Amino acid sequence: AWDKLCERYEGRGKQTIAYLIGELFRGTLSDESPLEPQLNAMRHKARILASIGQPLDDFLVAVAIVISLPASYSTLR
């Protein structure tokens, strides 16, 4: 049942995979809102990718998070 729901609402095509990877690596986190929900959204995209058959290594997700940090977190980069 879960596979059918994922297929119906998340999609499994290459376009969906490309979109999610692009969102993961192009996004920029903001100082204007709490960081935790923004990080959770990035992790959620990584979980969606894994569920549709394109898992990303934890290291790549961590890299995406680090390069998305706002300028105020430059010391963490």
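The values are calculated or read from the model by the stated rules, or taken from the named source; none is laboratory data. Quick caveat, the model's predicted, so the values are computed rather than measured. For neighbour counting, all protein chains shown are included, and Cβ atoms are generated from backbone atoms with ideal geometry for every residue, glycine included. Each accessible area value is taken on the protein alone, full model and side chains, heavy atoms only, with ligands, DNA and RNA left out. Shrake-Rupley method; radii C 1.70, N 1.55, O 1.52, S 1.80 Å.
Numbers at a glance
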quantity	calculated
Whole-angstrom Cα spans of the stretch 4-77 along principal axes, big to small	42, 23, 17
Cα-projected label distance for Phe59 with Ser74, points at 7 Å along beta-carbon direction, nm	2.8 nm
Whole-number accessible area per residue in Å² for the chain, which is evaluated in the context of all protein chains at 1.4 Å	72 Å²
Mean Kyte hydropathy of -1.0 or more with a Cα span along the axis of at least 27 Å, helices from DSSP in the chain	none
